[in-house]
1. Between residue 308 and residue 192, what is the FRET efficiency for a Förster distance of 45 Å, r being their Cβ-Cβ separation, to the nearest 0.05?
2. Sort 146, 23, 96 so that the residue with the fewest other Cβ atoms within 10 Å of its own Cβ comes first and the one with the most comes last.
3. Cα atoms only: what Rg and Dmax, in Å, come out for segment 2-243?
4. Just rank 264, 170, 282, fewest to most, by other beta-carbon atoms within 10 angstrom.
5. For helix 77-89, what angle does its Cα long axis make with the longest principal axis of the chain, in degrees from 0 to 90 and rounded to 10?
6. Rounded to the nearest 5, what % of DSSP beta bridges with both residues in segment 51-154 are antiparallel?
7. Helix-derived [θ] at 222 nm for the chain: sum -39500 (n - 2.57) over DSSP H runs of at least 4, divide by residue count, nearest 500?
8. From zero up to wherever the largest Cα-Cα distance of segment 95-154 sits, split into 10 Å bins and tell me the percent of pairs in each.
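Laboratory data are not the source of any read-out in this text; all were calculated from the coordinates shown. For clarity, every value in this text was computed on a predicted model and none was experimentally measured. Note: ideal-geometry Cβ built from the backbone for every residue, glycine included; neighbour counts use all protein chains shown.
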C-alpha cells in the first residue's frame, strides 16, 4: 500500500487530471478496471465556491473504490482555502493544487504553471489550501517555466514546508507544452530535495515507459495522462506490472461494455446533447485503441461517422456494430 497522509492507496499509480477528459464517467471506468487512484479535471476554487454548474460537474465524484481526489486551481489563497473547504465537504479524500497546467488561458490568468514564477505566492496558495481542509493536500507542477528557471526543487521544498503530503512533477517546462520528450531524469533533483513522495508524470504510456520513468527519476510512483485515453484499464495494467497489484486483462466484451457504460453515464451527467459531444473524444480514442490492440488498420471513416452521431442509442448501436465488423474483418 501507498500512503498520502492518512489515505491508503493500493499503489502509486495515478490517472492524471486532464481538462475535458477526466470527468466522472471517465474516472468511473478507470476505477472499475482497477486504477489505484484517479484525479478530477482542474477545478477553479473561486468558481467552485460560486457554484457554477460546469465547475461543480468537474468535481463530481466517481463513486469508486479508490480515493476521491479533487484538483483545484487559482491564484488567490482565500479562494483556494474556500475551495478546499468545499472539496472536503463534497467528500474529497485528497486535494491537489494545480501548478503545472501550461494552457495559455490558465497561465494568462497567472494560475497553473505561472505560479512557479512566483514562489512566495505559491507558498501562500499552498498554505491557504492546507488551512482550509483536514484532508491531505498535494501539488502538481512542471520542471519550471523554461530551461532557464528549473525551480521545481524550490517549489517542492516550499510545498513540503507548508504541509503538502505529495508532489507530482511533469518532466517538461511550461514553454515546452507537450512538445519534445519528458525529461524524467530532471525529476530526480526534486526527489533529492524533499522527504515527501514524488510522482513522475509525462510520456508514460505503458508499463515499460513507467518503469523507465521510475528508474531515471527515482520517484515513488507514476501518473499517466494521455497514455490512458481510450484505455481506462491501462492504469491497473501498469500498477500490476510495477507493484504486483491484482489485475486480470479485460476481454473485448468487457472493454466494449465499459465504453457503452461511459456513454450512458455521460448522458446522465450532462444531458443527451452535451453528453454525446463530451464523450465523443473518448469514443474516438477507444476505437483507435481497439484497432491497435487487435492488430487492425486504423478505422478513420468509422470513427468519424460515430462521432457525428448525436443520439445516445444510435451511438451505442453504431459502436457495437462497428467494432463487431472490425473483428470480423481481422
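1. My answer for the efficiency is 0.30.
2. Listing 146, 23, 96 from fewest to most nearby Cβ atoms yields 146, 23, 96.
3. According to the Cα coordinates of segment 2-243, Rg and Dmax are 15.9, 43 Å.
4. By the 10 Å Cβ count, ascending: 264, 282, 170.
5. Value to nearest ten degrees: 50.
6. Of all bridge pairs located within segment 51-154, approximately 0 percent are antiparallel.
7. -14000 deg cm²/dmol
8. Result returned by the calculation: 23, 54, 21, 2.
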